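**Student:** Below is the structure I would like to discuss, written out as structure tokens.
The values are calculated or read from the model by the stated rules, or taken from the named source; none is laboratory data. Note that this is a predicted model, so its numbers are computed, not measured. No Cβ is skipped: glycine too gets one built from the backbone with ideal geometry, and neighbour counts run over all protein chains shown. The protein model used for the area step is the full one, side chains on, heavy atoms only, and it has no ligands, DNA or RNA in it. Shrake-Rupley method; radii C 1.70, N 1.55, O 1.52, S 1.80 Å.
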Number of protein chains: 2
Amino acid sequence: MDQKVDTRSRILNIAEAAVLEKGFEATSIEEIVAGAEISRGGFFYHFKDKNALARAMLERYIDAENALYDDLFARARELNDDPLHCMLIGLKLLAEMLEEMPTGHPGCVIASTAYQDRLFDEGVRDLNRQAILGWRKRFRGMFEEIAQVYEPREAVNMDALGDMVSGVVEGGLVLQRALREHNNASEQIMLFRTYLKLLFADKK
Amino acid sequence: MDQKVDTRSRILNIAEAAVLEKGFEATSIEEIVAGAEISRGGFFYHFKDKNALARAMLERYIDAENALYDDLFARARELNDDPLHCMLIGLKLLAEMLEEMPTGHPGCVIASTAYQDRLFDEGVRDLNRQAILGWRKRFRGMFEEIAQVYEPREAVNMDALGDMVSGVVEGGLVLQRALREHNNASEQIMLFRTYLKLLFADKK
DNA sequence: ATCCCGACTGTACTGCGGGTCCAGTTGACC
DNA sequence: GGTCAACTGGACCCGCAGTACAGTCGGGAT
């Protein structure tokens, strides 16, 4: 029986679904404990307050996102060894993934927490920061690899270009949420992809 | 004496500053009335609830943003009549503007509300939607003008390209908030600008 | 068999913030 | 002198976060 998912994870699952759907503040502990079929006391046994819950959720989410990127670009690398084409394939896969999510993408917890800021303690904010810095590093590395093979047509700040991956995804998700459309994020990624094609058109 | 700013506007000013700094939920009516030096009753005389306040704030914000874009691209047009260069100059001005805001940019209320969604009623959400659709239309129009003079090197969805302006700004602001850096949004805009330069490099 | 402990349940209570109701004041204009 | 809009002030309800703690229950370790 997999009903033996431990309570802590069950809380996190319920909470994550609720938070992604309607935001952190709008999710009450009451409804989380109802969904997880535990008592309020049980909740506070696992998390000392809502902030601790937020931190745990963020950690899980960031780990999952990182694993996803690892997997995505590993698969892309198998398909093509050239760093540019690997990036292009990876972004295509990412765009497809975002499009295939039927409910629309859950929506990035990062942006959500970034805009509710003062609700959270320093620990949560720092997690957020570190996640984005991690992605910056990851993508900057990939772009530098590309730049060793392809001469960029225009000079670009590699840190900023690395950030642009996160930024385009985040921005796309904001649009998607606000517009109630379903493929804005994937379209934005595809546009970013053509940017890269134009930028790194010429082999050295 | 300009202290005769009417109470309603005073409430909106105080509220906007507080909301941009720490988010809507984290801003209590208590502190708004304290800041505006009125009573709680006075607040509810002007706004029937927090939702009404949100709607009024969004309306003001969107109007201001639209006026800003009008002004920015009008100035750009004066400097250069070519639609591409006008766009490029406008984006540069926008980037500079974002950079010059000492506290970092207030941060777009749009994203903030998009991610808190269920806190707000349909009216607020619709305002949000209409604003983004407005910007889509605005920028798509400008890009179509450009495409009449310049042959895009790659086929792009013009709606999506229009959205990309909003998306890049929103995304940049998310990064900026989360990272506590100050020029991410302007850097992202500058990168988007080089994208446009590459995309519309060849005159027809 | 017992005891201990981790994982809870249940209840009672505090405090804050949103929101309602309403009676009363104040100043401007007619 | 009366009317009205723009408030003040206070009493009150509710939901929700968070605290506190006493008690339960099942599964090892001894």
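**Student:** Helix A:184-199 versus the longest principal axis of chain A: what angle, 0 to 90°, nearest 10, using Cα atoms?
**Tutor:** 30 degrees
**Student:** Take the Cα atoms of chain B, find their three principal axes, and give me the spread along each one in whole Å, biggest first.
**Tutor:** Per principal axis, max minus min of the Cα coordinates gives 64, 37, 32 Å.
**Student:** Where the label is 7 Å out from Cα toward Cβ, how close does B:TYR45 come to the same position in every other copy, in nm, shortest first?
**Tutor:** Result, one decimal in nm: 5.3.
**Student:** Can I ask one more? Helix A:158-179 versus the longest principal axis of chain A: what angle, 0 to 90°, nearest 10, using Cα atoms?
**Tutor:** Roughly 50 degrees, rounded to the nearest 10.
**Student:** How far, in degrees from 0 to 90, does helix B:7-22 lean away from the longest principal axis of the Cα atoms of chain B, to the nearest 10?
**Tutor:** 60 degrees
**Student:** At 222 nm, what value in deg cm²/dmol follows for chain A if DSSP H runs of at least 4 each add -39500 (n - 2.57) and the sum is divided by all its residues, to the nearest 500?
**Tutor:** -25000 deg cm²/dmol
**Student:** Tell me, what is the 1.4 Å probe accessible area of A:LYS204, in Å² to the nearest 10?
**Tutor:** The accessible area comes out at roughly 140 Å².
**Student:** Continuing with the same structure: What relative contact order, as a whole-number percentage, does the range A:58-203 give when Cα pairs under 8 Å and 6 or more residues apart are counted?
**Tutor:** Rounded, it is 29 percent for the range A:58-203.
**Student:** Under a Cβ-Cβ cut-off of 11 Å, what is the net charge of the residues other than A:ARG140 that fall near it, where Lys and Arg count +1 and Asp and Glu count -1?
**Tutor:** -1
**Student:** Looking at chain B, how many pairs of lysines come closer than 27 Å at the Cα, when each pair is eight or more places apart or spans two chains?
**Tutor:** For chain B, qualifying lysine pairs total 11.
**Student:** Send over a whole-number figure in Å² for the accessible area per residue of chain A, probe 1.4 Å.
**Tutor:** Working: 8930 Å² over 204 residues.
With the other protein chains kept in place, chain A gives 44 Å² per residue.
**Student:** Quick one: what do you get for the protein assembly as shown if you divide its Cα Rg by 2.2 N^0.38 Å?
**Tutor:** Relative to the 2.2 N^0.38 Å estimate, the protein assembly as shown comes out at 1.03.
**Student:** Right, here's the next one. Find every distance from the label point of B:ASN80 to the corresponding label point in the other copies (7 Å from Cα along Cα→Cβ) and write them in nm, one decimal, shortest first.
**Tutor:** Relative to the other copies, B:ASN80 has label-point distances of 3.2 nm.
**Student:** Provide the convex hull volume over Cα atoms per residue for the range A:76-147, in Å³. All intermediate terms of the calculation are to be shown ahead of the outcome.
**Tutor:** Numbers: hull volume 7.4 nm³, N = 72.
Convex hull volume per residue, Cα atoms: 103 Å³.
**Student:** What fraction, in whole percent, of alpha-carbon pairs in the range A:1-47 exceed 14 Å separation?
**Tutor:** 45 percent
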